[in-house]
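Read through the structure below, which is laid out as structure tokens, and then see the notes.
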Amino acid sequence: MTNNDTICALATATGGALAVIRISGPQSLSFTSSICSIHVEFVEANTTHFARIITPSGEFIDEVMVSVFRAPMSYTGEDTVEISCHSSSYIIKKILEVLIATGCRMAKPGEYTMRAYLNGKLDLTQAEAVADLIASTNKATHQMAMSQLRGHFSSELANLREQLLKLTSLLELELDFSDHEDLQFADRKELSGLANKIDKHITKLAQSFEMGQALKKGIPVAIVGKTNVGKSTLLNRLLHDERAIVSDIHGTTRDTIEDAIDLNGITFRFIDTAGIRQTTDAIEQIGIDRTYQAIAKARIVLWLIDKQPTHEEIKEIQERCSGKSLIVIRNKIDKESDSLASCDSSFSIPHASFIRISAKQNLNIDQLQSAICQSVNIPTLSDSDVIVTSARHYQALMCAHDNLTHVIESLAQQLSGDLVAEDLRQVLADLSEITGKGQITTPEVLRNIFKNFCVGK
């Protein structure tokens, strides 16, 4: 895991007017000087200069801007140069070719960020936040990534680690002087109280993982109801696109149709499902079975009705939506009738919202969108809120919780301090695994973390 070589790669996506080629490593300044019209080794750090890229054979390639960052004040912590050139595929290819000819090698995916970690510029949580920031698609995922990149998660873990070290040091000090029976360094009640306090914080962080995953992947919303109740029309209205086929023929939708939109900075994945009815059509029955699967996976269920539901239908939707947010939507209010008008007062479902709309006429769709956002019950996020989004972090937190549970039980049972101290050391190791600080992180773990990064980052 050494950084003795100098790497280069395109750091921007293709298709724009300009491109940035990044060079990092001990010879990045001299290698850049060998292909451009200025002596990069002699310019000041954190400055940008006009230059021409010229091959060793004298071929003029492009007029560029060269930005110079000297170690350790760079993204990677190494001497780094960024060449801003025109985004012609020929120009980019030629510049990379001449850099490789001078001694650079092409960077691997995530190698710049890995070097930043190895050089102490970032811990592992911040390094992983870089990939999340690049992949963010809405306000919520952007805020979660920025919070982690700014070190808020790391700070919380550092605070927990400091408290755990206090616990460990008190116990180990007691062990060192165990032959002095008149000395007591660790009050068991005080230790137990502190351990419980730390465990509650760890559990709270672990519990945020479910919300983090929902925000990161999009909150699943199932649109369900009988055939021809207007589910596909509603999906198209919410997406502002003719995504689903709309027809008066019953059983048109035979499979789930899924697409995502952003509402108030949160991504929702809407799933149009096959209409629920009794059928002898084997293919349609498969679609109905998938409707029930979509309900099981959804966090929010939109139940469309256009007439009075039966007692059995109400009971079934309540059972299938237990623990989920349910919004009952009476559609087709543009076609009022006595039976529809009575729907509002003739039945109710505890904890469910009730909205009257016309998907076809776009009536009250804005109210429905507001109800959807409110039903997800996610607090307004700020850049300082810590939400766990990584399965690796969640697993380490759960391991820490399990080991801390052993500590609390051992303290309650008045077990010897050496046993308690060993469990405490394991809790510290679990938390250190998240940030990569305080323990040796294996190359396999690092490769697994950085393998999905884009080249150039």
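The values are calculated or read from the model by the stated rules, or taken from the named source; none is laboratory data. Being a predicted model, the structure only gives us computed values, none of them experimental. No Cβ is skipped: glycine too gets one built from the backbone with ideal geometry, and neighbour counts run over all protein chains shown. Side chains included, ligands, DNA and RNA excluded: accessible areas come from the protein's heavy atoms. Shrake-Rupley method; radii C 1.70, N 1.55, O 1.52, S 1.80 Å.
The simple spin-label model puts a point 7 Å past each Cα toward its Cβ; for Gln413 and Glu162 those points are separated by 3.3 nm. Accessible area per residue for the range 348-432 is 49 Å², calculated with a 1.4 Å probe on protein heavy atoms, without ligands, DNA or RNA.
Ignoring ligands, DNA and RNA, what percent of the accessible area of the range 1-150 is carbon or sulfur (1.4 Å)? The computed percentage sits at 57. Summed over the residues of the range 116-166 and divided among them, the accessible surface reaches 42 Å² per residue at a probe radius of 1.4 Å. Ordered from highest to lowest accessible area with the whole protein assembly present and a 1.4 Å probe, Tyr90, Tyr394 read as Tyr90, Tyr394. Sorting His49, His311 by accessible area puts them as His311, His49; the probe is 1.4 Å, largest comes first, and only protein heavy atoms count. Scalar couplings 3J(HN,Hα) for the range 88-99, obtained by applying the Karplus form with A = 6.51, B = -1.76, C = 1.60 to θ = phi - 60°, are 4, 4, 5, 4, 4, 4, 5, 5, 5, 4, 6, 5 Hz; x denotes Gly and Pro. The residues neighbouring His86, those whose beta-carbon lies less than 14 Å from its own, together hold a net charge of +1 under the Lys/Arg +1, Asp/Glu -1 convention. Between His39 and Ile365, the contour length at 0.36 nm per residue exceeds the alpha carbon distance by 111.1 nm. Ordered by 1.4 Å accessible area with all protein chains kept, Thr291, Thr137, Thr227 run largest first as Thr137, Thr227, Thr291. Measuring against 29 Å, Cα to Cα, the residue pairs Lys139/Lys332; Lys121/Lys197; Lys315/Lys335 contain Lys139/Lys332; Lys121/Lys197 as the ones spanning a longer distance.
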